[in-house]
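The values are calculated or read from the model by the stated rules, or taken from the named source; none is laboratory data. Quick caveat: nothing in here was measured; it's all calculated off a predicted structure. Glycine also receives a Cβ, built like all others from the backbone with ideal geometry; neighbour counts cover every protein chain displayed. Just so you know, the surface numbers come from the protein's heavy atoms only, side chains and all, with ligands and any DNA or RNA stripped out. Shrake-Rupley method; radii C 1.70, N 1.55, O 1.52, S 1.80 Å.
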Amino acid sequence: MVSLDGHIILFLVMMIGFLCFFIKMFSLILKIRVSPMEDTPEIEAKSHEEVILDKTAEKKQETLDEVLSRHRKEISQLQKKEVEMKKAAARGSKAEQKAKKKQVEEEVSQLSAKLKEKQAKELAALGYNSGNGNEKSNLDSLVKAIAGVSVTSQPEHTKVSKAKQRRDKKAQQEVEREQRIQAEQSDIISDREIENEKLERKLKPLGLTVCEIKPDGHCLYRAVEDQLALLSGGSSPYTYQELREMVATYMRKHTSDFLPFFLSENLIGSDSDESPAQKFENYCKEVESTAIWGGQLELGALTHCLKKHIMIFSGSFPDVEMGKEYKPDDGTSLSNSSIMLSYHKHAFGLGEHYNSLVPT
């Protein structure tokens, strides 16, 4: 009996020893597992900081060309937003439309001012400042960027092709135009409102209203396309691109009718050795293959190509009538037979623009 009790005591002592050993091992395993988990937030925080630094570095690496390209996209997006807002405001009663229209003008004014301020700060951060002594070199960089040409320095002795000279000249004109627009930005909104109010007073007795056309350089041709669709009661017989090609073909066939006006509107520097005929041919190529704006010359060609009477109403200038020989003399309403357009000098803060006029 005594021997049995001794065995039992020995067994209990061994069990207690094993239990203590397992407890120590379990505690050690828990420490090993908990330690990496405690370090994880710190590692994640470091990774997050590294990502932010990487993104900041990428943003700092944006070149002048890239900034200018982004600025053009931002301006284009603002233009599209303005068109959408104006279309949305053209719903409801006349009183509601007028209130919405004023609200849109104010909102666009604020957005334009903010965008202008933001872009000016970004250009200043890259060293561009139209008021400092580096204006010439900065302007040259802007010209090349808009023309799609690298702004890296080129050997001075490299001969510049005539085609590149034309591209640079047009880019120069675009830059100067953009600078004028920015300089007059504070006056544009008020000028636009005045222009729109005058135009509205002209159109109201005629039962006409403005149909907004996309401001992408093709606005004249798109407006005529919209009018042709309206007159046909369905789709237009010509797309805006086909109208461009028709205009270029007509101007080539009737060079003597257009060349004098072309030369008076497009003064070329004396350093150009191209003949007037070649200059005019180059212009016709641009008309049919680029987004160059249309104006008086192109309207003159359109009225003969389409054999249509064209009326252009404006809130800034006297109305213009073209193709009087095609004007109906049978008492038919002009809005039922003529192409009716509106000309806007201060539209979208970008200068000249054409819209289509439709019945209210």
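Give me the accessible area per residue for region 278-317, probe 1.4 Å, as a whole number in Å².
Numbers: 1450 Å² over 40 residues.
Ligands and nucleic acids excluded, the result is 36 Å² per residue.
Using a cut-off of 12 Å between beta-carbons, work out the net charge of the residues near Thr239 (Lys and Arg +1, Asp and Glu -1, Thr239 not included).
Working: positive: Arg222, Arg244; negative: Glu225, Asp226, Glu242, Glu245.
Local net charge: -2.
Electrostatic bookkeeping for Glu200 treats Lys and Arg as +1 and Asp and Glu as -1; over the other residues with beta carbon under 10 Å from its beta carbon, the sum is +4.
Rolling a 1.4 Å probe over the protein heavy atoms gives region 64-114 an accessible area of 66 Å² per residue. Surface calculation, 1.4 Å probe, protein heavy atoms: Ile292 sits at approximately 40 Å² accessible. Amide H contacts of Ser236 (H built 1.01 Å from N, in plane; Pro and chain starts excluded): Ala229 sit under 5 Å, all sequence-distant by 5 or more or on other chains.
Using a 1.4 angstrom probe on heavy atoms only, work out the carbon and sulfur share of the accessible area of region 225-269 in %.
On the way: 1420 of 2560 Å².
Carbon plus sulfur share of accessible area: 56 percent.
Below 13 angstrom from the Cβ of Ser93, what's the summed charge of the other residues (Lys, Arg +1; Asp, Glu -1)? Here the charged neighbours net out to +4. Annotation: amide H of Thr209 within the under-5 Å range of Val358, Thr360, sequence separation 5 or more or interchain, hydrogens built in the peptide plane. For the cross-link pairs Lys80/Lys327; Lys162/Lys345; Lys94/Lys202, the ones whose C-alpha atoms lie over 25 Å apart are Lys80/Lys327; Lys162/Lys345.
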